[in-house]
Amino acid sequence: MEGWVSMPKVELHAHLNGSVRDSTLLELARVLGEKGVIVFSDVEHVILKNERSLTEVFRLFDLIHILTTDHKIITRITKEVIEDFASENVVYLELRTTPKKNDSIGMSKRSYLEAVLEGIKAVNTVNVAFRPHNADVSNVKRSSLINDTCNGSTRKKIYVRLLLSIDRRETTEAAMETVKLALEMRDLGVVGIDLSGNPIVGEWMTFFPALKFAREQGLYITLHCGEVPNPKEIRAMLDLLPQRIGHACCFEEEEWKRLKSLNIPVEICLTSNIRTNSVRSIEVHHFADLYNSKHPLVICTDDSGVFSTSVSKEYNLAASAFGRSDFIGACNVLEGGKFQLARNAIEYIFADDEVKRELKEIFNSAELDQ
Ligand code: 5GP
């Protein structure tokens with residue numbers, strides 16, 4: 001496991017509110033329990049439970065949102081989540097979150113996002129590069145160092161970029177508001193749009209106008225696609241030509257063919273897919289077929305808090321499940337292939353060539369140190 005932790009990694013599919021530490025959720029629940037807003041003993045076991053169906057996962061998100069939807073708390077969890085990823089050597093993180101509006105506490109989508117940005121700035125265990133190179137000249141100077149040296153000691157660095165999620169419960173207008181916010185916040189590290197939320201809720205045509213507009217405006221697009229069987233929606237999603245998709249669990253032969261012909265990278269979330277029963281067992285997970293057919297893919301956590309996982313654990317799981325020589329779709333994800341698998345993710349990030357070049361340098365020097 002240590003080998004996977006020390007290896008530099010790229011995380012491209014992580015939901016902010018799904019990546020909160022259990023200890024933080026319990027602390028927040030205790031405070032709301034004392035205020036009489038919730039009954040702590042009712043929620044404690046929900047937070048600590050490990051096995052959950054897809055439906056139960058979305059119920060848990062509703063609970064997490066009750067605990068976290070407050071500007072100060074959003075700032076706190078953003079800071080903690082970035083520090084947690086950095087502590088296991090994630091060097092580039094695309095963090096996604098759904099901007100939330102809650103009039104009762106004076107929260108708008110914009111103020112939610114500002115609280116997230118405060119959280120990024122508050123990180124102090126590691127240096128964070130979050131503004132695109134062309135947005136800030138001083139950022140160019142800072143980012144030319146792989147690890148920044150401060151007062152003689154070297155600090156780790158992590159690139160952070162934001163994706164704004166559209167929740168499938170939202171209206172076309174709300175989705176459009178999120179896209180416009182993303183466009184306004186481009187200089188502050190917002191690079192794209194995600195479509196997520198309960199896959200059995202909402203209609204594709206509700207989100208399509210906002211996603212099409214985002215694409216036309218040059219924002220990157222990634223879609224939760226095929227978490228449940230829905231061939232019509234899967235086809236429509238692929239027709240939009242998103243730059244990446246997440247999951248792809250319930251694809252049929254036709255959809256695989258189309259995906260492969262378009263060469264759209266897939267964000268693979270093994271633990272999440274197994275825990276939510278979106279894929280029956282690790283042995284039949286589509287990772288093996290995609291890996292063996294050299295289709296672009298990237299290993300991700302999805303919700304490291306909710307599924308008690310980490311990027312290192314996901315790589316370890318892939319290697320132990322698919323690297324076995326007796327496994328029918330055996331993949332070369334063990335020693336020789338592991339750096340390559342992690343390094344390939346650089347090609348699929350939503351950032352400029354300069355960032356890609358620096359990430360390659362980080363991987364090269366880490367490999368030499370091995
Ligand atoms: P947030 O956007 O509030 O920061 O992160 C939690 C939200 O991400 C959930 O409410 C849900 O909308 C979305 N999400 C997290 N995990 C999944 C997943 O596995 N599938 C889908 N479709 N959405 C998810």
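The values are calculated or read from the model by the stated rules, or taken from the named source; none is laboratory data. The structure presented is a predicted model; accordingly, all values stated were derived computationally and were not measured. With ideal geometry, Cβ positions are generated from the backbone for all residues, glycine too; neighbour counts draw on all protein chains shown. The accessibility values were calculated without ligands, DNA or RNA, using every heavy atom of the protein model including side chains. Shrake-Rupley method; radii C 1.70, N 1.55, O 1.52, S 1.80 Å.
When the chain is treated as a GNM with alpha-carbon contacts under 10 Å, the residue of P99, P229, P265 showing the greatest mean-square fluctuation is P229. When the stretch 2-369 is described by a simple charge dipole with +1 on each Lys and Arg Cβ and -1 on each Asp and Glu Cβ, the residue from P242, L183, Y220 located farthest towards its positive end is L183.
Distance between the 7 Å Cα→Cβ label points at D22 and K156: 2.2 nm.
Compared with the direct C-alpha span, the chain from E216 to V284 gains 20.8 nm at full extension, assuming 0.36 nm per residue. Distance between the 7 Å Cα→Cβ label points at H45 and N364: 5.6 nm.
A dipole drawn for the chain from +1 and -1 charges on Cβ atoms has a positive end, and of A14, L28, V160 the residue lying farthest that way is V160.
If I take R0 = 30 Å and measure r between the Cβ atoms of E253 and T172 in this structure, what FRET efficiency does the formula 1/(1 + (r/R0)^6) give, to the nearest 0.05? Write out the running numbers ahead of the final one.
Details: r = 33 Å, r/R0 = 1.08.
Approximately 0.40, to the nearest 0.05.
Computed over the chain, the per-residue total of -39500 (n - 2.57) for DSSP H runs of n ≥ 4 gives a 222 nm mean residue ellipticity of -14500 deg cm²/dmol, rounded to 500. Across the stretch 260-267, coupling constants 3J(HN,Hα) worked out from phi with the 6.51/-1.76/1.60 Karplus curve, θ = phi - 60°, read 5, 5, 7, 6, 7, x, 10, 7 Hz, and Gly and Pro carry x. Extension gain for R235-D353 works out to 39.4 nm (0.36 nm per residue, less the C-alpha to C-alpha distance).
Taking the protein heavy atoms of the chain in the context of the full set of protein chains, the accessible area attributed to carbon and sulfur is 52 percent at 1.4 Å.
Summed over the residues of the stretch 2-369 and divided among them, the accessible surface reaches 42 Å² per residue at a probe radius of 1.4 Å.
Modelled this way, with points 7 Å down the Cα-to-C-beta line, the labels at Q243 and D62 are 3.4 nm from one another.
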